[in-house]
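The values are calculated or read from the model by the stated rules, or taken from the named source; none is laboratory data. This is a predicted model, so every value here is computed, not measured. With ideal geometry, Cβ positions are generated from the backbone for all residues, glycine too; neighbour counts draw on all protein chains shown.
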Amino acid sequence: MKIGLVIYGSLDTLTGGFLYDKRLVSHFRSKGHEVKVFSLPWRNYPRHLLDNYRGKFISSLCSANLNILIQDELNHPSLFHLNRKLKSRIDCPVISIVHHLRCSEVRSNVMNSLYRYVEKSYLSSLDGMICNSDTTRKVVEALDLPDKPGIVAHPGRDSIRDNIDNDFISSRAQNTGPLRILFVGSVIPRKELHTLLLALSRLRSQDWRLDIVGSFEADRKYSRHVLRLIDEKRLQDSVRILGPLNHDDLTACYVENHVLAVPSSYEGFGIVYLEAMGFGLPSIASNVGAAHEIVSDGGNGFLVTPGHIEAIQQDIENLNRDRQKLTRMGMFALQKYTSHPTWEQTAQKALAFVEEMVRK
């Protein structure tokens, strides 16, 4: 089977969505299928809209002789009109991997109305879709689209690490010293790093340490705001800015920290929370979006209202003060991780859907 995949940039981009796509591609290829990646350059939203009229890109898709074309929904502004022209020129189904809708994010009603129109038009042009969470599927259904085949294939987990068990979680939690907090993600407003920093600024500096892992390049204006906030609140001695890390260094961060705090205003799933659970870290996440599908409030983490500084402050204070609770929550986190589907199971579910779409 010859499969096409449309993405922006590279599959090696360090985000959960690209990790998901990369895992599927790897699995498809391991099963003997050919996957050709069609990459569009990263630009701003208005310039992405102009991609719909790039004749050379349409021609490259048409000449590939594909059995099926898969598109990452992130590319919707470049494809919402192009797909309608494409469908008259290719004889294969077009489906999408939907991580979360742009119109679900927090912004002005005017802008979200525009994004909703474009996304609805794009999703209407498809033959089917793979959603990464039940929440994402429900958000798509709320757009009142024509019925289309689709599945939910949650992001998977890797194999369990031999050195992470309940004894390790207990020992780490009971060590004296400040509570070690980890933030992992691109430094963009949606991840709410500024809210986390404001919450931490209310605590005694000797009670906590924060490691920030992720790129500061995605939104430089916001990144400058974060750096100013660290300076203005005099948090320099308690915050380490580590930038993007390779697999081994990120693993070391997960091992040495106590809790993950990424209180995003919205996540279509939140692979980072699941990843942290594999190291026995409870998570502080948002009660908006799909994080609740893996983070249980008071069980293996906390769910907070986006922007609620006091709630984050209280959750961190509670974990620092009650290390037995930190231990229990870490153990529940690991238990949740071990019961979650593997990447192999997720990718095989997606492949079965792709094969079914081709047979139709």
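SER10 meets all of the listed conditions (1) loosely packed, with under 14 Cβ neighbours inside 10 Å; (2) part of a helix (DSSP H, G or I) but one, namely (2).
Among the candidates VAL98, VAL152, VAL187, single out the residue that is hydrophobic (A, V, I, L, M, F, W, C), surrounded by 22 or more Cβ atoms within 10 Å (Cβ to Cβ) and in contact with an Asp or Glu (Cβ under 6 Å, 6 or more places away or on another chain).
Details: VAL152 fails: surrounded by 22 or more Cβ atoms within 10 Å (Cβ to Cβ); VAL187 fails: in contact with an Asp or Glu (Cβ under 6 Å, 6 or more places away or on another chain).
It is VAL98.
Pairing residues of region 320-345 that are closer than 16 Å to ILE271 by Cα with residues that are in a helix (DSSP H, G or I), at Cβ distances under 6 Å and at least 6 apart in sequence or on separate chains, gives ALA333/MET277; LYS336/MET277; TYR337/MET277; TRP343/ARG23. Within region 25-47, being in contact with a Ser or Thr (Cβ under 8 Å, 6 or more places away or on another chain) and either surrounded by fewer than 15 Cβ atoms within 10 Å (Cβ to Cβ) or touching a residue at least 40 places away in the same chain (Cβ under 8 Å) (or both) holds for one residue alone: SER39.
Just one of (1) modelled with pLDDT of 95 or more; (2) closer than 30 Å to ILE95 by Cα fails for ILE284. It is (2). Residues that are in the same structural domain as GLY9 (by TED's automatic domain parsing), within 23 Å of the chain's Cα centre (by Cα) and not aliphatic (A, V, I, L, M) number at least 1 in the following helices (runs of 4 or more DSSP H) confined to region 29-107: 45-50, 76-79.
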